[in-house]
Structures are given as C-alpha cells and as structure tokens.
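Data block below; observations after.
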Amino acid sequence: MHFKAVIFSLFIASTLAVPAVVPLDARAAPVKYEGSWDYTQTVPPCYPTGPDTEQVHFSVTWDGHYTQSTDEKTGAVTYKGHVNQKGTGVGLTSGKKYQFSSVGNYDQTWTYTPPYDGEYHSVQNYQIVKQGSGVAYSSKYNAYYTYDQTKGLVFRFDHNDDTC
C-alpha cells in the first residue's frame, strides 16, 4: 500500500508541474496605421456666402490600429479596428485658426470576400469651430475602404461641402 501511495503522489506532482499549453491566436497582431490629408473648404459652409465667408485650408491627421483575420475555407478577409482623427485649419483671408470638434473616433469592421471587389463607404460628420467665435459649423466627408490582395486595406477620402 505504501508503494501505491508514493506512486500516486508522484503522478499528481508531475501532473501539476506540467505547464499548460495556451493555444495561439489565429489573428495577426494589430497593425498601426497613420496618415494625413489636406483640403480647402469654404467656411461657413453655407450658400449664399456672407461677409465672414472665407476659404480655409485644413490639415487632418489620423491614426488607428487594425487586426486582420482570414477565413481559410472561404478566403474572406476581415479587418477590425479603431481610428482617431484631429484637424486644424487656417483662414486664407483672415489668418484665423479653425479647429475640428466632434470628429470621428470610432470602431469599424469590414469583411471582404473573393473576388475582393467590394467597397465600404462611410460618412464621417464633424464640426468646425472658428477661433474666438464659439460658433460651430457642421460638415462631413466620405471615407471609402477596399481590400487589395497585395496592399491589404486601402482607403481614400473625399470632402463634401455642406449647406446650412
């Protein structure tokens, strides 16, 4: 009996000493993206124009991170991630500064399936605040996302002037 108790104790001890094997995550590590774009917009974005209307040059910076996963059976590629954006502008006539407010900080998910010809479109709303005025003008831009088998996630932006 004593021999069986010793063997059983060694078995329990060796079982507890074996480290647990943690399965690997099937998704790739998050990839950081960042960039900027510039454009000129009429502010306030109202028609007809008024005495305070001017062209403003804006610079927008953004950064984000995305994970990519691929379904081995279907070839579907899914991106999940988060984007942060900031923007500032300078009036080309007055030299006054403008700031984006309520600009997008958002989570997104896109899935592309072969033949990868799909495109996602989103409208991003934001406000423009003129230095010292406290007045906010609403505006928006379009973002387009596609998938390229060589380049990965590809995106482009275009801007829409808004009416008041």
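The values are calculated or read from the model by the stated rules, or taken from the named source; none is laboratory data. Note that the structure is predicted; figures quoted are calculated from it, not measured. Note that each Cβ is placed from the backbone with ideal geometry, even for glycine, and that neighbours are counted across all protein chains shown.
Where residues in the stretch 72-112 are polar (S, T, N, Q) and over 21 Å from THR146 (Cα atoms), which of them is nearest to the chain's Cα centre (by Cα)?
The first filter runs over the stretch 72-112 and keeps only residues polar (S, T, N, Q), leaving 74, 78, 84-85, 88, 93-94, 99, 101-102, 105, 108-109, 111.
From what's left, over 21 Å from THR146 (Cα atoms): 88, 93-94, 99, 101-102.
On the way: THR88: 19, THR93: 33, SER94: 33, GLN99: 20, SER101: 17, SER102: 15 Å.
Checking each candidate, the answer is SER102.
Can you confirm whether TYR106 is part of a strand (DSSP E or B), buried (at least 16 other Cβ atoms within 10 Å of the Cβ) and either of a type outside the set (S, T, N, Q) or modelled with pLDDT of 85 or more (or both)? Steps first, please.
Details: part of a strand (DSSP E or B): yes; buried (at least 16 other Cβ atoms within 10 Å of the Cβ): no; either of a type outside the set (S, T, N, Q) or modelled with pLDDT of 85 or more (or both): yes.
No: the conditions fail for TYR106.
Out of (1) within 18 Å of TRP62 (Cα to Cα); (2) surrounded by 14 or more Cβ atoms within 10 Å (Cβ to Cβ); (3) of a type in the set (Phe, Trp, Tyr), what's the single condition that is false for TYR137?
(1)
Among ASN125, ASN84, which is the only one that is in contact with a Phe, Trp or Tyr (Cβ under 7 Å, 6 or more places away or on another chain), part of a strand (DSSP E or B) and surrounded by fewer than 17 Cβ atoms within 10 Å (Cβ to Cβ)? If you could, list the steps in order and put the result at the bottom.
Details: ASN125 fails: in contact with a Phe, Trp or Tyr (Cβ under 7 Å, 6 or more places away or on another chain).
Only one candidate passes the filter, namely ASN84.
For the stretch 65-81, enumerate the residues that are part of a loop (DSSP other than H, G, I, E, B) and of a type outside the set (Gly, Ala, Ser). Break it down into steps so the answer makes sense when it comes.
Filtering the stretch 65-81 for residues part of a loop (DSSP other than H, G, I, E, B) gives 71-76.
Of everything in the stretch 65-81, those that are part of a loop (DSSP other than H, G, I, E, B) and of a type outside the set (Gly, Ala, Ser) turn out to be ASP71, GLU72, LYS73, THR74.
Checking ASN142 against (1) exposed (fewer than 12 other Cβ atoms within 10 Å of the Cβ); (2) part of a strand (DSSP E or B), which test does it fail?
(1)
Kindly indicate the residue of the stretch 145-164 that is in contact with a strand residue (DSSP E or B) (Cβ under 7 Å, 6 or more places away or on another chain) and loosely packed, with under 11 Cβ neighbours inside 10 Å and also nearest to SER36 (Cα to Cα) among those meeting that condition.
ASP158
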